[in-house]
Amino acid sequence: MGLFDRFKKKKEEPAAPHKNAESDIKAALDAEKARMEAQTAQQPAPEPAPEPAPAPAVSETPPQAEAAPVQPQAARPEPAPQPEPQPEPEHAGKVGFFGRLKSRLTRTHENLSGKMDDLVENYADLDDDFFEEMTDILIMADVGMKTADEAVGRLREKCAADKAMTPARARKELAEILIDIMGSEPMILASPMVLFVIGVNGVGKTTSIGKLAARLKTVGRRVIICAGDTFRAAAADQLTIWAERAGVPIVKQKEGADPAAVVFDGIQAARQRGADVLIVDTAGRLHNKAHLMEELKKMARVISREFPEAKTRSLLVIDATTGQNGLAQAAVFKDVADLEGIILTKLDGTAKGGIAIAIRSELGLPVRYIGVGEQIDDLQPFDAREFIEAII
Ligand SMILES: Nc1nc2c(ncn2[C@@H]2O[C@H](COP(=O)(O)OP(=O)(O)O)[C@@H](O)[C@H]2O)c(=O)[nH]1
Ligand SMILES: [Mg+2]
């Protein structure tokens, strides 16, 4: 216990920012805005970006949270009674987003669907050229050669067995095959649960945590965010802004603090508030795999010691615009963490959304959520049928 005694002394940040932190937060907010604007200037947004979420009543104590402020030493020695452990898939709140999803995926849609339209128009027969061109279209959308070959191979067999098959129907069959290859496995949420969000710098970890917290909150989960990226001061500030937007508490410490110590504080807060999900942000330094592994292991050790009843999982964030490079990152992270699945971000910013299919079939990892923009509600549980129908 000795190692952890010193952690206990550290104070947890209250849910709302301190007054003296307000200027920092403002500065960080301005910086974030500027960055967003710079990004929108670089790449024409598929649709005019609506104003930042009409901040869903950012209250210090979310409706589900207990009224008492979190005090690590507060007189509540025992953890709150366990909410019934029955897991449920997180698909409430999915809210027929289909039209919106389609509009966010226009780049990939124009690329893939546009080329498939031409293919179907240009070919009367299902000959070798037809299948080869179809394979090329998939590969150009980052579906990956192995997966494209597999999908088109299955389609060839189907077409060989059905003499009445037309190019237009073959295209529909291809979509069904891709849906089958991807599968849809909604993430099972336990309570309590610790979710590590990992990935290299800039992929969208912090942003996705904010969106995920908001989403889980709307389906009635009590969420606490833990600022485990202590590498840069700005990281905790940025996460604080997202916690405010989502209306959930955040636990953080100073820049340079031991991430395991922040996790320790997060656990205390989670116990005291009877939180369902503790989401932990992490630093994205991949250049030193050994260090990353050590850091993750250390945090995991704290959890298994201090929060053994919690189910602990890691979600790896991949930036869809990085294409095959994202796959390479995933291969590295797969070695160091027990991955629950992938959050695939920035699908709104790429014409190569086929990467989602490659991730599933080449890495064997389910895509759990997709990021389709920078607003708080731009994270959706992944649904293979909706996704494929939006892009093909
Ligand atoms: N267009 C778009 N931008 C995103 C998405 N997710 C994250 N971003 C942007 O990517 C940048 C890096 O995100 P951040 O969360 O700071 O990445 P981190 O370093 O992994 O924590 C920010 O400008 C985000 O707004 C997304 O789904 N779509
Ligand atoms: Mg970050």
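How do the helices (runs of 4 or more DSSP H) wholly within the range 95-158 filter down when requiring 2 or more residues that are of a type in the set (K, R): which remain? It would help to see each step written out before you state the result.
On the way: elements: 98-104, 106-122, 128-140.
Once the helices (runs of 4 or more DSSP H) in the range 95-158 are filtered for at least 2 residues that are of a type in the set (K, R), what remains is 98-104, 106-122.
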TODO: Out of R232, R245, report the one residue that is within 16 Å of ligand 2 (Cβ to nearest atom), at pLDDT 95 or above, within 17 Å of G204 (Cβ to Cβ) and surrounded by fewer than 24 Cβ atoms within 10 Å (Cβ to Cβ).
DONE: R245
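Which count do you get for residues in the range 249-282 that are within 16 Å of ligand 1 (Cβ to nearest atom) and either in contact (Cβ under 8 Å) with a residue 60 or more places away in the chain or of a type outside the set (A, V, I, L, M) (or both)? Break it down stepwise before answering.
The initial filter retains those residues of the range 249-282 that are within 16 Å of ligand 1 (Cβ to nearest atom), namely 250, 252, 255, 259, 262, 279-282.
Now restrict to residues that are either in contact (Cβ under 8 Å) with a residue 60 or more places away in the chain or of a type outside the set (A, V, I, L, M) (or both): 250, 252, 255, 259, 279-282.
Looking only at that region, the number is 8.
What number of residues in the range 163-188 are assigned to a loop (DSSP other than H, G, I, E, B) and either modelled with pLDDT under 95 or aromatic (F, W, Y) (or both)?
7
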Open item on the list: Looking at the range 284-292, can you tell me whether even one residue there is at pLDDT 95 or above, surrounded by fewer than 24 Cβ atoms within 10 Å (Cβ to Cβ) and not aromatic (F, W, Y)?
Closed with: no
- [ ] Test V302 against the stated conditions and say whether it is more than 12 Å from ligand 2 (Cβ to nearest atom) and either crowded, with 24+ Cβ neighbours inside 10 Å or not small (G, A, S) (or both).
- [x] yes
TODO: Assess whether G220 counts as being within 16 Å of ligand 2 (Cβ to nearest atom) and out of contact with any Lys or Arg (no Cβ under 8 Å at 6 or more places or on another chain).
DONE: no
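Taking the range 180-216 on its own, how many of its residues are within 16 Å of ligand 2 (Cβ to nearest atom) and crowded, with 21+ Cβ neighbours inside 10 Å? So that I can check it myself, show each step before the final result.
Filtering the range 180-216 down to residues within 16 Å of ligand 2 (Cβ to nearest atom) leaves 195-213.
If we keep only those that are crowded, with 21+ Cβ neighbours inside 10 Å as well, we get 195-200, 203-213.
Total satisfying the criteria: 17.
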Task: Residue count, the range 347-359 (criterion: surrounded by fewer than 24 Cβ atoms within 10 Å (Cβ to Cβ) and either of a type in the set (A, V, I, L, M) or touching a Gly at 6+ places or on another chain (Cβ under 7 Å) (or both)) - done: 2
Task: Residue satisfying condition, being surrounded by fewer than 23 Cβ atoms within 10 Å (Cβ to Cβ) and of a type in the set (A, V, I, L, M, F, W, C), within set L316, L379, L365 - done: L365
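Output the number of residues of the range 205-239 satisfying the condition of being of a type in the set (D, E, K, R), in a helix (DSSP H, G or I) and either within 12 Å of ligand 1 (Cβ to nearest atom) or closer than 16 Å to A260 by Cα (or both). Steps first, answer last, please.
Filtering the range 205-239 down to residues of a type in the set (D, E, K, R) leaves 205, 211, 215, 217, 221-222, 229, 232, 237.
With in a helix (DSSP H, G or I) added as a condition, the list becomes 205, 211, 215, 217, 237.
Next, only the ones that are either within 12 Å of ligand 1 (Cβ to nearest atom) or closer than 16 Å to A260 by Cα (or both) stay: 205, 211, 237.
So the count comes out to 3.
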TODO: Return the only residue of I357, I343, I318 being over 20 Å from G99 (Cβ atoms), at pLDDT 90 or above and away from ligand 1 (no atom under 16 Å from the Cβ).
DONE: I357
TODO: Being farther than 19 Å from L292 by Cβ and either in a helix (DSSP H, G or I) or charged (D, E, K, R) (or both) is the filter; apply it to the range 248-263 and report the residue that is farthest from ligand 2 (Cβ to nearest atom).
DONE: K254
- [ ] May I ask you to verify whether A243 is assigned to a helix (DSSP H, G or I) and closer than 18 Å to L316 by Cα?
- [x] no
Open item on the list: Here are the criteria: (1) crowded, with 18+ Cβ neighbours inside 10 Å; (2) touching a helix residue (DSSP H, G or I) at 6+ places or on another chain (Cβ under 7 Å). Tell me which single one N111 does not satisfy.
Closed with: (2)
Open item on the list: For the condition within 16 Å of ligand 1 (Cβ to nearest atom), acidic (D, E) and touching a helix residue (DSSP H, G or I) at 6+ places or on another chain (Cβ under 8 Å), what is the one hit in E295, E306?
Closed with: E295
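The values are calculated or read from the model by the stated rules, or taken from the named source; none is laboratory data. Computed from a predicted structure; not experimentally measured. For neighbour counting, all protein chains shown are included, and Cβ atoms are generated from backbone atoms with ideal geometry for every residue, glycine included.
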